[in-house]
Amino acid sequence: MDFETVRVERVYHLTIADSSTLWSNELYLWNVNSSPSFMSGEDFLQADNFTTSDLSLMLSNLTGKQFVYNGNLMSTHDWNLSFSSLDELLFILKDEYGIQIEIKQMPEIYLPSKYNSVFYLRKDVT
């Protein structure tokens with residue numbers, strides 16, 4: 001059986017270095033019941049009542065890069081990110097929100113060549 005390399009990708013692991021710099025979840029009050037809400041575009045994200053896990057998923061969707069948060073902090077926060085590049089986004093996360101980014105290389109994923117689907121491993125890789 002023939003195998004092909006599907007994807008080698010960087011994964012951006014988020015770690016909260018200083019939780020005191022995270023925004024309160026009371027800055028935006030978009031919903032009466034405090035359910036998560038967001039507005040986004042190519043180069044911005046505003047979110048109300050998002051956990052860091054929610055944020056990592058949204059950043060993955062917006063940028064096409066793989067962001068992962070595996071920490072224990074599950075409280076909700078409000079977010080306001082405006083960025084023109086990935087480097088700027090990483091700087092804002094670190095400087096304004098106290099979130100450190102560790103970039104790890106995903107291993108190559110091999111699938112039988114008859115398959116065209118792409119999947120992501122969601123476990124930490126060192």
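Here are some notes:
- Test: Val32 is out of contact with any Gly (no Cβ under 6 Å at 6 or more places or on another chain), at pLDDT 90 or above and among the β-branched types (Val, Ile, Thr): no
- Residue selection: Asn31 satisfies the criterion of being in a loop (DSSP other than H, G, I, E, B), farther than 29 Å from Met106 by Cβ and either touching a helix residue (DSSP H, G or I) at 6+ places or on another chain (Cβ under 8 Å) or not aliphatic (A, V, I, L, M) (or both).
- The listed residues are Ser20, Ser24, Ser56, and the only one of them that is touching a residue at least 40 places away in the same chain (Cβ under 8 Å), among the small types (Gly, Ala, Ser) and within 13 Å of Asn80 (Cβ to Cβ) turns out to be Ser24.
- The set of residues in the range 38-95 that are over 14 Å from Ser24 (Cα atoms) and small (Gly, Ala, Ser) comprises Ser40, Gly41, Ser53, Ser56, Ser60, Gly64, Gly71, Ser82, Ser84, Ser85.
- Residues (surrounded by 12 or more Cβ atoms within 10 Å (Cβ to Cβ), among the polar types (S, T, N, Q) and within 14 Å of Ser75 (Cα to Cα)) located in the range 22-55: Asn25, Ser34, Asn49, Thr51, Thr52, Ser53
- Residues of the range 51-104 classified as hydroxyl-bearing (Ser, Thr, Tyr) and part of a helix (DSSP H, G or I), total: 6
- The one condition in (1) aliphatic (A, V, I, L, M); (2) surrounded by 15 or more Cβ atoms within 10 Å (Cβ to Cβ); (3) free of Cβ contacts under 8 Å to residues at least 60 places away in the same chain; (4) within 17 Å of His13 (Cα to Cα) that Leu90 fails to fulfil: (3)
- Being more than 21 Å from Gln105 (Cβ to Cβ), exposed (fewer than 13 other Cβ atoms within 10 Å of the Cβ) and in contact with a strand residue (DSSP E or B) (Cβ under 6 Å, 6 or more places away or on another chain) holds for only one residue in Ser75, Ser82, and it is Ser82.
The values are calculated or read from the model by the stated rules, or taken from the named source; none is laboratory data. Predicted model only: the values in this text are computed from it and were never measured. No Cβ is skipped: glycine too gets one built from the backbone with ideal geometry, and neighbour counts run over all protein chains shown.
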